[in-house]
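What follows is a single structure, written as structure tokens, with notes after it.
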Amino acid sequence: MHAKYLNMGGIDGFIGDGRIRAQPEHVVNVFYSLSLLSSLWVSADYQHISNPGFNADRGPVNVFGLRVHGEF
């Protein structure tokens with residue numbers, strides 16, 4: 001129902017700004033975790049997203065992340 005709304009020219013704040021060309025979304029996720037101490041980890045993350053929101057008119061998007069996890 002929502003895809004029909006977008007194809008009719010509807011506006012959505014997240015994945016559409018009118019008529020969309022629907023295509024499969026593809027995501028590649030790569031991460032590396034490193035233990036600095038017995039209670040501290042740092043992880044780096046990279047994601048490559050093609051056709052985000054299943055919309056061929058958007059993307060590709062590259063997302064980089066860094067996480068720190070500590071325990072006490």
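Every read-out reported here was derived from the displayed coordinates using simple, explicitly stated rules and does not represent laboratory data. Predicted model only: the values in this text are computed from it and were never measured. Using ideal geometry, Cβ is built from the backbone for each residue, glycine included, and neighbour counts are taken over all protein chains shown.
Tell me which trypsin sites (Lys or Arg not before Pro) from segment 18-71 have a DSSP coil assignment and no more than 12 other beta carbons within 10 Å of their own.
On the way: sites: 19, 21, 58, 67; in loops: 19, 21, 58.
Answer in residue order: 19, 21.
Under the 0.36 nm per residue contour assumption, what length would be gained going from the current alpha-carbon distance of residue 72 and residue 31 to full extension? Let's see the in-between values first.
On the way: separation 41, 0.36 × 41 = 14.76 nm, distance 2.41 nm.
Full-extension gain reported as 12.3 nm.
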